[in-house]
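Asks: Structure incoming, see below.
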Amino acid sequence: MRRLVLPGVGVVVIAGFLAVFWRNFSPPPPRIPAPPALDAPAGSSSAGQARLSSAGQIAATPAASHANPSPRSELLDGLNDPASDISADLKLLNEVFNAWLTNFRTAGIPIGSNQEVTAALTGKNPMQFAFVPPDHPAINAKGELCDRWRTPFRFHVLSRQQMEIRSAGPDRKFGTEDDAEWAPWPKNF
C-alpha cells in the first residue's frame, strides 16, 4: 500500500506545482483589439471613426483619442435644409437607401411602416449603423421621418431593391398635384 501512496502523493505535488507555475509564469492570452469606435460629433476627436465612404460602404478611419460609441452617417445632414427643395430631399433619401443596399445587399431594403423603416435607418439593423442619426430634426416624436412640411414620408416598397419615396408637398395632403416622389430606385443596381 505504501508503494502506491508515495508515488500518488508525488504525482499530486508535481501537478500542483505545474498548475501554480502555469498560472503565474505562462504568457497572458492574446489581447483582441476592441472594434473601432465610430463617428463622434463634429469638433470632437474620436478613436477609430467610421463613416460612409463615397461608395456608401461603412469605412473606418484612423484612431485618435475618445469616441462616441454610436456609429452614424452624415448622408441626411442636408435633409429639409431651407436653402434646398423637396427634390434635393428625395435625392438624399435615395442616397441613404442606396447606401443601405450597398451594405445589406442580401437583406434587401428596409420594409414596413415609416416608423419601422426609420428605426432600421437609425441603427436598429444588423450592423447597428445609423444611416440617419436618431436625433435628426426630420424625425418626429412618433419616430417617423418627415418632409420639410413635417408630414411623414410614405415609403412604398416595389421590390427587394426598389422603393417609391413620397412627400405630400406643401398642402400636406397625399394625392394632390403638389405631391413629390422618387421612384423607382436604384437604376440598374
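Asks: Please list, in chain and number order, the residues 5+ apart from ILE139 or on another chain whose amide H is under 5 Å from its amide H, with Hs placed from the backbone.
Replies: Answer set, sorted by chain and number: CYS146.
Asks: How long is the gain from ARG154 to PHE104 if the chain were fully straight, where each residue apart is worth 0.36 nm and the alpha carbon distance is subtracted?
Replies: Taking ARG154 through PHE104 to full extension adds about 15.9 nm, to one decimal.
Asks: Need the list of aspartates and glutamates near LYS173 for cross-linking: C-alpha distance under 13 angstrom, and skip anything on the same chain fewer than eight residues off.
Replies: By straight Cα distance, LYS173 reaches ASP147.
Asks: Take ARG172, project a point 7 Å from its Cα along the Cβ direction, then tell me which residues of the range 143-161 have their backbone nitrogen under 17 Å from it.
Replies: Correct set: 143-154.
Asks: Along the Cα→Cβ direction, 7 angstrom out, place labels at GLN161 and SER113. What is the inter-label distance in nm?
Replies: About 3.0 nm separates the two model spin labels.
Asks: When ranked by the protection proxy of mean other Cβ atoms within 10 Å per residue, highest first, what sequence do the peptides 87-99, 146-158 form?
Replies: 87-99, 146-158
Asks: What is the spread of the Cα atoms of the range 99-163 along each of their three principal axes, largest first, in whole Å?
Replies: Taking the Cα atoms of the range 99-163, the three principal extents are 33, 25, 16 Å.
Quick note: the coordinates plus some simple rules give every number you see, no bench work behind them. Note that the coordinates shown come from a computational prediction; the quantities given were computed from them, not determined experimentally. Every residue, glycine as well, gets a Cβ built from its backbone with ideal geometry; the counts of neighbours run over all protein chains shown.
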